[in-house]
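Contents: one structure, followed by commentary.
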Amino acid sequence: MELLAFFLAVLTVLVAMAFYYEHPKAEIPHGFSQRQKLYIFHYCLNFLFGLATLLEKVGLLSEVHLPRMVMDGIPPLKDKCLFIKDSKFEKVRVRIYHPKISTTGQRRGILYFHGGIGRFGSIRAYERTCRYFARKTNSVVVSVGYRLAPKHPYPTQFEDCLTATIHFLRTAEEFGVDPFRIIVCGDSSGGTLAAAVAQALGNRRDLPKLRAQILIYPFLQCVDFNLPSYQQNEGVPILLKERTVALGLKYLNKDLSVLEAMLKGCHVPEDLQLKYQKWVSPDYLPHEFKTRGHKPSTKHQFSKEVYTVIKPMFEPVFSPLLAEDSAMAHLPEAFILTCEFDVLRDDGLLYKKRLEDHGIKVTWCHLQEGFHGTVFLAFYGRVIAFRSGSKGLKMIVNFLRLM
């Protein structure tokens, strides 16, 4: 009994710590119809992060270990509609989903790069996602198990995704795939990777051209963390404004002491501000996205010390929206999904504009009640899933069927 009482006391303390960790910062707009459900999910997520931080401080587990375990979840049952095989493309782990149904010609191929800020996520965590796309679109799906930070530092994640994509383009016919119907796809930081891979391959003449890129609420720029979507949704789960920058810094293995300065915009030198303002500015957003609580951001003094620390963030591999026009001009057709209640909403809108300015066709899906992670959660049943996720999935499937 004493042991049980001690365990319950410790658990109570952990719950209280998790609640204190970030829950009071949650600010879910009244226009969101499933507010209570999102509050509960937010609280559970904060408990997870709080517990992971505590376990690392006491030396029991790495901070990333527990969230990875939870994301992996319980694997789904065997799929009678698909052949599923683990393999390697060069040295990169992949899982290949091949529909069992016969077909007269070659299939399209989809390379899926999972989200998780380069530190979380896995092939197993996205098992349901990749099975869904393979079944619903009769495509061969390759889930890329790129190596994760901090053990494998940035830009290992991009390099693995690029290696896997090149290998698939060269060997597509071995899998019954048309090499000219290959699509790169990813959510969140996986969307970042998909955009970066598409840019890296845009000018390659020794490979088949990618058919399309699908970017699901992607992170695309580090210049302005006070765009309207960052201001309007700074407290909306699951990707709070402060958490976004903190996770980005951890991904690059940088000290969090520069976080406040970055949120104020002190990390961008004047010459780069002048260069990037033609691509990253509220001026290029449709008016309807600036009506909900947006204020012009106050300029703060530039800090050379902060810029020196976070300089890699300005690389197009990390911030694809900052790529030169020469890289943007040769990109394939795109599908971009944005969510109204997501700090990254405006990244997607600005990237859409840049692509369209270069004459690239863009199919845009905007989820009015969507938040960051809503599509990923659609695969985990009524208890966790949100209605907006199903709508987004249907739009993605419709786009893929046209490729």
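Two tests apply to each whole DSSP H helix in the chain, Cα reach of 20 Å or more along its axis and mean Kyte-Doolittle hydropathy of at least -1.0, and the ones passing both are 2-22, 35-57, 156-171, 387-401. Within 12 Å, Cβ to Cβ, of Ile182, how many net charges do the neighbouring residues add up to if Lys/Arg are +1 and Asp/Glu are -1? For residues surrounding Ile182, the net value is +4.
Among Ser87, Ser102, the ranking by other beta carbons within 10 Å of each residue's beta carbon, starting with the fewest, stands as Ser102, Ser87. Derived from the Cα gyration tensor, the three semi-axes of the equivalent ellipsoid of the chain are 32, 28, 20 Å, largest first. Lys-Lys pairs in the range 85-219 that are eight or more residues apart or on separate chains and whose Cα atoms lie under 29 Å of each other come to 14. Look at the dipole of the range 82-403 built from charges on Cβ: of Tyr217, Phe379, Val306, the Cα furthest out on the positive end belongs to Phe379.
Take the Cα of Glu324, go 7 Å toward its beta carbon, and the backbone nitrogen atoms of the range 189-233 under 15 Å from that spot belong to 199-204.
Full extension of the chain between Arg35 and Arg205 yields a length gain of 56.3 nm, computed as 0.36 nm times the residue separation minus the alpha carbon distance. Computed from backbone phi with θ = phi - 60° and the Karplus coefficients 6.51, -1.76 and 1.60, the 3J(HN,Hα) list for the range 253-270 is 6, 9, 6, 6, 5, 8, 4, 4, 5, 5, 4, 7, x, 7, 8, 10, x, 4 Hz; x is used for glycine and proline. Each Lys or Arg adds one and each Asp or Glu subtracts one; over the other residues with Cβ under 10 Å from the Cβ of Met328, this totals -2.
Charged neighbours of Asn203, selected by a Cβ distance under 12 Å, balance to +1 (K, R count +1; D, E count -1).
Extension gain for the segment Trp364 to Glu27, taken as residue separation times 0.36 nm less the Cα-Cα distance, is 118.7 nm to one decimal. Each Lys and Arg Cβ is given +1 and each Asp and Glu Cβ -1; about its Cα centre, the range 82-403 then shows a dipole of about 1160 debye. Between Thr156 and Asn138, full extension at 0.36 nm per residue minus the direct alpha carbon distance yields a gain of 3.4 nm. Straight-line reach from Lys250: taking Cα to Cα under 20 Å and skipping same-chain neighbours fewer than 8 places apart, the aspartates and glutamates in range are Glu22, Glu56, Glu63, Glu159, Asp160, Asp187, Asp224, Glu234, Glu242, Glu260, Glu305, Glu315.
Read the figures in this text as sums done on the coordinates, not as results from a lab. Everything quoted here is computed from the prediction, not taken from an experiment. A quick note on method: Cβ atoms are made from the backbone with ideal geometry, for glycine too, and the neighbour counts reach across all protein chains shown.
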